[in-house]
Amino acid sequence: MSDAALDRPAGPAGRSDGLSDGVIDIRDLSLTFQTADGPVYALSHVDLAVRKGEFISFIGPSGCGKTTLLRVIADLEQASSGQISVNGLTPEEARLNRQYGYVFQAPALYPWRTIEKNVMLPLEVFGMTAAERTARARKYLALVNLAGFEQKFPWQLSGGMQQRASIARALSFDPQLLLMDEPFGALDEIVRDKLNEQLLRLWAETRKTVIFVTHSIPEAVFLSTRIVVMSPRPGRIIDIIDCDLGDNRSLDIRETPRFLAIAQRVREGLRAGHSYDD
Amino acid sequence: MSAAASSRAVPRKAGSTVPVLVITAMIMAAWYAACLPMNNDLPQLARVTGLAERYQVSWAIERPVLPAPHQIVTELYNSTIGTRLFRETADGVVLNPRNLVFHAWVTLSATLLGFAMGSLLGIVIAIGIVHSRTLSKSLMPWVIISQTIPILAIAPIVIVALGSIGLTGLVPKAIISAYLCFFPVAIGMVKGLLSPDTMQLDLMRTYNGSVAQTFWKLRWPAAVPFLFASLKVAITISLVGAIVGELPTGAQAGLGARLLSGSYFGQTIQIWSALLFAALLAALLVVAVTLAERLTLKAMGSRP
């Protein structure tokens, strides 16, 4: 693993995509869970390079390993074999250096903390001063349109607002990499559309690298610069689709032929990778 | 929202008063009715004829087998409000031992000390069990076994053993209380400290939070509701422990001593009034814990 990290500045040989500004580099990564019913091949021979400032979506049916892959990047799971580097470090080093912000499927706000205190949680863990914590909480809550809700407790907010607070929490320590695991999966479509627009605006403002797990094709196409299509048993990448819809996307873009063409290709990829027989 | 909450609260409160009163009245009626058959063999009733007269006499016997409720309440009144609370001695003003409040205070002080010791012990044990697999395996069986031994069997041993090294009075009783009340706290806190879900724990992991940070910022606050549920059980059995601790030594003071002396001299009314006082004390303690719970959970943003 450290080899891969050392290779990097010289530029990895034999790869077509320029990795000089690579954030994540995954080579031949496999992960097998040993269960009582035998081994489960969660990830099989995954290769992926993510560049700085990209918005990458992992899409695929449940069980395709998209969340597992995200968790490997976050060092919440360990790969069985293969190489992976995050910002030139091993995932563990990256985690210990707090190089990424992680947004979970549920807001995972601590119910005994106010919204502001929830956003401050990582800052407290990192030992920032109270003044710095307050300033950052204010700033990032305003960024996700939650100004004025600082002193509310999580249960006083709607599901969409709670998830926005959790995004503010992930952004509060300004990580350059944002890992999002189906963050809007539990929300209704209207709220989800709105949050997608906000997330895109946020990404345009901050230019962070985002890895976004979803099982919604429109969501993936609308948000991403590239879409990674995955399939289950064993979890693997079957297609990587460029999604060159440009910046300043609005929800109307979903009616354009270009959007529909990309969505069609994602759908075909998913169909090809997914056997409905088993 | 507050209007909705109050409009919901009002009919519920009114709705529960009547059933409580009905049940209380039924118990009282059964109690008064039972006084005659229970006291039937006493000499005071030997020459009384006529059911009404027999009942009237059965409710006013000096040392009945079963006293009537009003006799207990009267005795309770006479031995608390009806007796001087303080007494002047050579050492200054002290609580009057003829007043039941004196005995209640003796028991209460042991209860509170034992409750504090036991709760602390329970919390420490739970923290150990949650953080160490070895402790979890080695300690848990002893925790369980400790509660299979009847407290009535172990109380005299503790009192005698501590008495032989010169420890008497408050501390041995508090230790018996602590022995009883650490258990629900330990069990509740293990559950509470393990209550954070995977996501909440993973979140701390992504921050590279230390074990101590994970404990103070996640496990401990998550365990607080469990702690209070356990404390409510612990405070009542603490009181039981203190009373039981007063029985084997023939203590001169405390609600347990009152029960004991009452039974020596056949003072059933005194026994019952001490029991009633103990019950009132227990209720008061539970209310105090519940109040502390409400205030704490409110500050922690729980839903009203």
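So for the protein assembly as shown, taking the charge dipole from beta-carbon charges (+1 Lys/Arg, -1 Asp/Glu), which of A:L76, A:A170, B:A153 sits furthest toward the positive end?
Positive-most Cα among the choices belongs to B:A153.
Can you work out the accessible area per residue across region A:110-174, with the rest of the protein chains kept in place, probe 1.4 Å, in square angstrom? Could you put the intermediate results ahead of the total?
Numbers: 2400 Å² over 65 residues.
For region A:110-174, the per-residue accessible area is 37 Å².
To the nearest 20 Debye, how big is the dipole of chain B about its Cα centre, given +1 on the beta carbon of each Lys and Arg and -1 on that of each Asp and Glu?
840 debye
Using the Kyte-Doolittle scale, find the helices of chain A whose mean hydropathy is at least 0.5 and whose Cα atoms extend 15 Å or more along the helix's long axis, counting only whole DSSP H runs.
Numbers: long enough: A:115-126 (18 Å, 0.77); A:130-143 (20 Å, -0.45); A:159-171 (18 Å, -0.15); A:189-206 (25 Å, -0.54); A:257-273 (24 Å, -0.17).
Membrane-span-like by this rule: A:115-126.
For B:T148 and A:I253, what is the calculated FRET efficiency with R₀ set at 56 Å and r taken between the beta-carbons, to the nearest 0.05?
Between B:T148 and A:I253 the formula returns 0.20.
Tell me, what is the percent relative contact order of region B:159-304, built from C-alpha pairs under 8 Å that lie six or more residues apart?
Contact order relative to length: 25 percent.
Distance in nm between label sites at B:A253 and A:Q78, each 7 Å beyond Cα in the beta-carbon direction?
Each label point is offset 7 Å from its Cα along the Cβ direction, giving 6.2 nm.
With a 1.4 Å probe and every protein chain kept in, tell me what percent of the accessible surface of region B:105-198 is carbon plus sulfur.
Here it works out to 78 percent.
Return, for the Cα atoms of chain A, the radius of gyration and Dmax in Å, separated by a comma.
18.9, 59
Summarise the long-distance tail of P(r) for region A:82-171 by giving the % of C-alpha pairs beyond 20 Å. Mind showing how you got there, number by number?
On the way: 1509 of 4005 pairs.
Of all Cα-Cα pairs in region A:82-171, 38 percent lie more than 20 Å apart.
In nm, to one decimal, how far is the modelled label at B:N40 from the one at B:V20, with both set 7 Å along Cα→Cβ?
The modelled label-to-label distance comes out at 3.6 nm.
Of A:K152/B:K191; A:K139/A:K208; A:K66/B:K217; B:K191/B:K298; A:K66/B:K137; A:K52/A:K117, which sit over 26 Å apart, Cα to Cα?
Pairs exceeding the cut-off: A:K152/B:K191; A:K66/B:K217; A:K66/B:K137; A:K52/A:K117.
Counting only other chains, and only Cβ atoms inside 10 Å, what mean value do you get across the residues of B:219-226?
1
Looking only at other chains, what is the average number of their beta-carbon atoms within 10 angstrom of each beta-carbon in B:193-203?
Taking the mean over all residues of the peptide, I get 4.
Probe radius 1.4 Å, ligands and nucleic acids ignored: give me the carbon and sulfur share of the accessible area of region A:110-174 as a rounded percent. Don't skip to the answer; put the middle values down first.
Numbers: 1260 of 2400 Å².
Summing carbon and sulfur atoms, their accessible area is 53 percent of the total for region A:110-174.
For region A:142-185, list residues with backbone N below 14 Å from a point placed 7 Å from the Cα of A:K194 toward its Cβ?
A:144-147, A:157-165
Any idea of the total accessible area buried by the B-A contact, 1.4 Å probe, rounded to 100 Å²? Don't skip to the end; give the middle numbers.
Values: alone 17950 and 12950 Å², together 28630 Å².
Interface area, both chains combined: 2300 Å², rounded to the nearest 100.
For region A:181-278, what value does the Rg/Rh ratio take when both radii are computed over Cα atoms and Rh is the Kirkwood radius, given to two decimals?
We get a ratio of 0.97 for region A:181-278.
Show me A:30-36, B:44-50 ranked by packing, highest mean number of other Cβ atoms within 10 Å first.
Working: A:30-36: 12.9, B:44-50: 10.7.
Averaged packing, sorted descending, gives the order A:30-36, B:44-50.
Positive end of the charge dipole of the protein assembly as shown (Lys, Arg +1 and Asp, Glu -1 on Cβ, about the Cα centre): tell me which of B:L227, B:P43, B:L275 has its Cα farthest that way.
B:P43
Plugging the Kirkwood radius over Cα pairs into Stokes-Einstein for region A:103-261, at a temperature of 25 °C and a viscosity of 0.890 mPa s, what D comes out in µm²/s?
Using the Kirkwood radius from Cα pairs, D works out to 147 µm²/s.
For A:F55, which sequence-distant residues (separation of 5 or more, or a different chain) have an amide H within less than 5 Å of its own amide H, given hydrogens modelled in the peptide plane?
HN-HN under 5 Å from A:F55: A:V210, A:T225, A:R226.
Cross-link candidates for B:K173: which aspartates and glutamates have Cα within less than 20 Å, leaving aside residues fewer than 8 places away along the same chain?
B:E246
From other protein chains only, count the Cβ atoms within 10 Å of every residue's Cβ in A:132-139, then give the mean.
On the way: counts 0, 0, 0, 0, 0, 0, 0, 0.
The mean count of partner-chain Cβ atoms within 10 Å per residue comes to 0.
Describe numerically, in nm with one decimal, the distance between label points set 7 Å from Cα along Cα→Cβ at B:L170 and at B:K191.
The modelled label-to-label distance comes out at 3.4 nm.
Using a 10 Å cut-off on Cβ atoms, rank the peptides B:234-247, B:93-106, A:205-218 from the highest mean neighbour count down.
Highest to lowest by the protection proxy: B:234-247, A:205-218, B:93-106.
Given a Förster distance of 56 Å, report the FRET efficiency between B:V211 and B:V160 from their Cβ-Cβ distance, rounded to the nearest 0.05.
My answer for the efficiency is 0.85.
Please list the radius of gyration and Dmax for the protein assembly as shown, considering alpha-carbon atoms only, with Å as the unit.
Using the Cα atoms of the protein assembly as shown, the pair Rg, Dmax is 34.5, 116 Å.
When only Cα pairs under 8 Å and 6 or more residues apart are kept, what is the percent relative contact order across chain B?
It rounds to 20 percent for chain B.
Taking the Cα centroid of region B:137-172 and of region A:121-168, what is the distance between the two, rounded to the nearest whole Å?
50 Å
Given charges of +1 on the Cβ of Lys and Arg and -1 on the Cβ of Asp and Glu, with all other atoms neutral, how large is the dipole of the protein assembly as shown about its Cα centre, in debye to the nearest 20? Don't jump to the answer; show the numbers that get you there.
Values: 53 positive and 45 negative charges, 310 e Å.
The calculation lands at about 1480 debye.
Just from its helices, what would the mean residue ellipticity at 222 nm be for the protein assembly as shown, if runs of 4 or more DSSP H residues each count -39500 (n - 2.57) and the sum is divided by every residue, rounded to the nearest 500 deg cm²/dmol?
-18500 deg cm²/dmol
The values are calculated or read from the model by the stated rules, or taken from the named source; none is laboratory data. Small disclaimer: the values here were computed from a predicted structure and weren't measured. Virtual Cβ from ideal backbone geometry, glycine too; neighbours counted across all protein chains shown. Surface areas here come from the heavy atoms of the whole protein model, side chains and all, with no ligands, DNA or RNA. Shrake-Rupley method; radii C 1.70, N 1.55, O 1.52, S 1.80 Å.
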